[in-house]
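Everything below concerns the one structure shown next.
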Amino acid sequence: MAAGNPVGHSRAGERLRTRIEGRNPETVPKDNALPNYFVVGSNKQRPRILLSVSGSGRTMQADGLRSVQTLLLLAVWALGSQGELLSAPRIFLSFKELRSTGTAHHFSFLLNTTDYRILRMDEDHDRMYVGSKDYILSLDLHDINKEPLIIHWPVSPQRKTECVLSGKDTNGECGNFIRLIEPWNRTHLYICGTGAYNPVCTYVNRGRKAQTSLHLQMPQSGGRASRAADYSTTPEPMGHQEYIFRLEPGKVESGKGKCPYDPKLNSVSSLINGELYAGVYIDFMGTDSAIFRTLGKQTAMRTDQYNSRWLNDPTFVHAHLIPDSAERNDDKLYFFFREKASEMGQNPVAQSRIGRICLNDDGGHCCLVNKWSTFLKARLICSVPGADGIETHFDELRDVYIQQTQDTKNPVIYGVFSVSGSVFKGSAVCVYSMADIRMVFNGPFAHKEGPNYQWVAYTGKIPYPRPGTCPGGTFTPNMKSTKDYPDEVINFMRNHPTMYNVVYPVHKRPLVVRTNVDYEFTTITVDQVTAADGSYEVLFLGTDRGTVQKVIVLPRDDLQTEELVLEEVEVFKVPTPITSMKISSKRQQLYVGSAVGVTHLALHRCDVYGEACADCCLARDPYCAWDGKSCSAYSASEVSEVRSRRQDVKYGNPIRQCRGYNSNANKNTLEMVQYGVEGSSTFLECQARTPHVSIKWHLQKDNSDRKKEMRSDGRVLRTEQGLLLRSLQPADGGVYHCTSTEKNFKHTLVRLQLVVLSGRAINSVLAEAGGPGASSASLQSSAWTPSAGQYKDLLTILSQPEMSLINQYCQDYWHLGSASPKDPVPPGSIRGKDLKELKEQKKPRNRRNHDDQITLQET
C-alpha cells in the first residue's frame, strides 16, 4: 500500500484483510473518483515513491487500470464493522502469530480419531488424561508432546457391524467415544466409553515400574497401549522409572448408568469414596435420563424414571461435591444442567438448573425405593434487566467452573450461558454464591394443584425432617438413613422436587455480556492472580470459533464494573468450538480441547503488549509488569522484584507508574519519507496496536513548530488504517504525526514526511530513462505509454514485494498488445481471465473473504 509501515504493521495487515467483508460502502468513492496511483519502494531506509497514472486510451486502458486500482485500494477502503468497544480485545493473535510467540503447543501426533475431551488433570502425577474416539491419552503437563502414552481401545468389528445395521453410524457414531475418566486409586483409573451404542467400562493401570524392557508395550486384551513418541524397541537403562499405561485384562464391564449410548449426549460424573455418581442417559434411544449412583457398597440409586417434574430432557453440564458443614453426613453433590421448561408453551423454552442430592441417600422404605429421596433442584437466572423492566434472559447453561476459596464450603460458581432460540446471538457469564444457593434450597417449595393451575409457593405444613435434609447430619443426628424418614416426607419429596424461588447471580446481573457478535462462549476457567495492587480473578473464555479470550472485570463505584478483554488468541488453525478447558496455576498453563485436537498455552504473553513501559502499564494484565527493560511476567512472591516492578491493573496510569521511562516511549516511533505526485492520491498508513486508543493526525509544515490537526473533509478521509489524501497539492507537503492517546498518555506511532512532487519533475525522471517522446509528454496526457523496458527499470530501482501482482498484470498487458498490434485490445478484455489467474496466485497469502471482495469490486 501507499503507506508507511507503523508499529504492528503485520498484524494490522492481517486483521485488515479479514475486515474487508465489513467495509462501510459510504466511505468508498465512486468509480469516477477512484484515486489513480501506484506505490513502489519500501522500508525506513529507502523512501517510498508514489507514481500517479491517469488518462485514457493508450495509457494502459482505463478499465484495465481500474481493476488494478481495485486490487490496491481494497485494504484502504475496508473499514471493519464497529463492534462493541468493551468486547474488543486489546491484543488479537491469529493462530500463526500465537505459534510464533512460542507460548502455545498443539498435540502433534497424528491419530485416526476425533472429539478430544480433557476429562481429568492429575497435577500430583504431572499428567493430563484425554478421551477421544477409540483412544485414551496420558499427556505430560509440562509438554503434551513429550512421550505421550496412548491406549487404542476400539470396539470389536462385530459390535461395530451391529451398530451400523441399527442405523446409528450416519456421522461415525459407531466408535468407542471415551466420556468418563475417574481416579479409582493411586495406581488405576476407571474409564468408560460409548462402545458403539453399548457403553463399556474398564480399569487402566497408570502406575510406575522399574523399566527393564522395551519402549513398545504389547497389546493387551481389548486394546493396545503404546508410546506414541517412539514406536521403536529401544531399551531403557536399568532402574529407570517408567510410566505404566495399559488396560487391565479381563476387567471390562457394562457402562449402563455410567456413560451414554449416544456420543452426542453430554454426561457428567464424580467418583467419591468408591461410588460413581453420574448424570447420564441410560437407554439406546436417549429418552431415559437419570442421576445414577453405581459401584461401591451402597444401594444403586437413580432419579424417578420418566417423571418430567424431576428431569425433563436435561443436558448435563457439571457435577461437584460441595460440603455444607464440618459434618460429613451433610455433604451434598451438586449437579448443573439445563432442561426443557416443564409446561408446554412456557417461555423460555429452556431453563438452567442446579440440583443436589445427599451422598448418604438410601431412598425410601415404601415409596421411592432405590430412588433419591433428597433430590431438589432450583432455577439459575442469568439475565440483563432492561430499562422497561423486561429482562433479557440467557437461558442455556453451557459450562460451569467452581473457584475454590479458603472456605471449602463456600466456593464461587461461574457459569457460561447462551441465548435460546434464534432471535439474536449472545452469551454471558454469571457468578453465584453458595449463600444465595443455600437460601433458595431452604426456601419455599414450588407447588401446583393441577395441570390447569399456576405454580405457586407451597404454604402448607412442611413435614419433618425437612425434605432434602441429609440423614445423620447436623439437623437429623438420630436418623441414620433416609429409610427412617416418615412416608409423608418421601411422598412430599416425590411431588415437590423444585424450589419456588430462583437463584440470582451476584448483584443480580451478569459479570460479562456479549451481544451483537458472531460467536458464543462455550467454556470457562478462572485463575486467581496476585498483582502489585491486589488480587484479581482472570477469566479464560473459550468460544465456538476456536478462540480463547482472557478477561478481567474490575469493580467501580456504585456497584458498576469495568470489563477488560486483555487478549484473544486463535488456538486452532481451523475454527472449531472449544469443548473443554483445564487450567494449571502452578505451571501457568491453559489446556484446551476441541473436536480436532488438544493445545496447551501459557497464561501470559507479556512481550506482545509493546516495548515501552507505557504499553505494559496500559495493558493492565495482572500477569505482567515492567521490569525496567521490558514487559515480562510478574511474580508477587519475590519481594525484591515487587519493589522494582511497574504495574497498575486497577487504573492503568502510565504517567504515574512509568516516571523516568516515558521519555523512551517514542523511541520506537517509525520515521519515514513518502513521495506523492501532485494531483494524485496518497495513503498514509498508521494503525494502533489496540482499538482502545484514539488516533489523531497532525501536519507540521517545514520550518514551523505549529501542528495542525487533520480532519476529514472533501479531500481528506480518515480511516481505521490511516489517512487518505486526494488530489495532492503542494501545500500538503510536510511532516505528518500519527499520535495515539489512551488514559491521557500520548504516543507518537508514526512520523512521516510527505514530499509532493510536481508532474513535470516525474516526467523528467521518465524522460531520462529513455522513453521515446517522454521529454515533451505530460503524465496527464494520454499520448504517452511507458514501454515494458522502462517499466521494468523503474521497478528494479524502486522495488517492493507488493508490486509483483501489478508487475505481472502489466507484463501480460504489453504481451497481448505486442502480439497483435493491428488488433487493439478492447477495454477490460484481459480483466476477466488474466486477472482471475493473478488472483489465484495471490490467494495463498490472503485472508478469507479477500477474493470475494475483489470479485465484487470488479463487477
Roughly speaking, what is the centre-to-centre gap between the stretch 253-276 and the stretch 477-523 when only Cα atoms are used, to the nearest Å?
22
Using the basic label-point model (7 angstrom from Cα toward the beta carbon), what is the Asn478 to Glu123 distance in nanometres?
4.5
I'd like the distance separating the alpha-carbon centroids of the stretch 738-771 and the stretch 614-628, in whole Å.
34
Within 10 Å of each residue's Cβ, count the other Cβ atoms and sort Met301, Met434 from fewest upward.
Met434, Met301
So if I take the centroid of the Cα atoms in the stretch 547-592 and the same for the stretch 149-174, what is the distance between those two points in Å?
36
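Rank these for me by crowding, Leu265, Leu397, Leu749, going from fewest to most other beta carbons within 10 Å.
Details: Leu265 17, Leu397 26, Leu749 22.
Least crowded to most crowded, the residues run Leu265, Leu749, Leu397.
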Links exceeding 27 Å between C-alpha atoms in this model, out of Lys160/Lys371; Lys332/Lys483; Lys160/Lys377; Lys297/Lys480; Lys508/Lys746; Lys377/Lys483, come to Lys160/Lys371; Lys160/Lys377; Lys508/Lys746
Karplus-derived 3J(HN,Hα) from phi for the stretch 546-563 (6.51 cos²θ - 1.76 cosθ + 1.60, θ = phi - 60°), whole Hz, x at Gly and Pro, runs x, 10, 10, 9, 9, 10, 10, 10, 9, x, 10, 5, 6, 6, 7, 10, 10, 9
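Taking a ≥ b ≥ c as the square roots of the Cα gyration tensor eigenvalues, with a/c under 1.5 meaning rounded and otherwise prolate when a/b beats b/c, else oblate, which class fits the stretch 502-623? Let's see the in-between values first.
On the way: a/c = 1.64, a/b = 1.12, b/c = 1.46.
Oblate, since a/c reaches 1.5 and b/c is not below a/b.
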Net charge contributed by nearby residues that have their C-beta within less than 10 Å of Leu590 (K/R +1, D/E -1)
+2
Quick one: net charge around Cys174, please, counting Lys, Arg +1 and Asp, Glu -1 for every other residue with C-beta under 9 Å from its C-beta.
0
For Asn171 and Val384 in the same chain, what is the full-extension length gain: residue separation times 0.36 nm, less their Cα-Cα distance, in nm?
72.9 nm
Alpha-carbon radius of gyration plus Dmax, which is the widest Cα pair, for the stretch 265-517 in Å:
17.9, 57
Dipole size in debye (nearest 20) for the stretch 526-624 around its Cα centre, Lys and Arg Cβ +1, Asp and Glu Cβ -1?
600
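Kindly rank 330-338, 727-735 from highest to lowest mean number of other beta carbons found within 10 Å of each residue.
Working: 330-338: 21.8, 727-735: 15.8.
The peptides rank, most packed first, as 330-338, 727-735.
So for Met499, Met439, Met710, fewest C-beta neighbours within 10 Å to most, what's the order? Display every interim value, and only then the final one.
Working: Met499 24, Met439 13, Met710 19.
Starting with the residue having the fewest Cβ neighbours, the order is Met439, Met710, Met499.
The numbers here are math on the coordinates, done by the rules we state, and not lab data. Note that the structure is a prediction, hence the values are computed from the model and not measured. Note: ideal-geometry Cβ built from the backbone for every residue, glycine included; neighbour counts use all protein chains shown.
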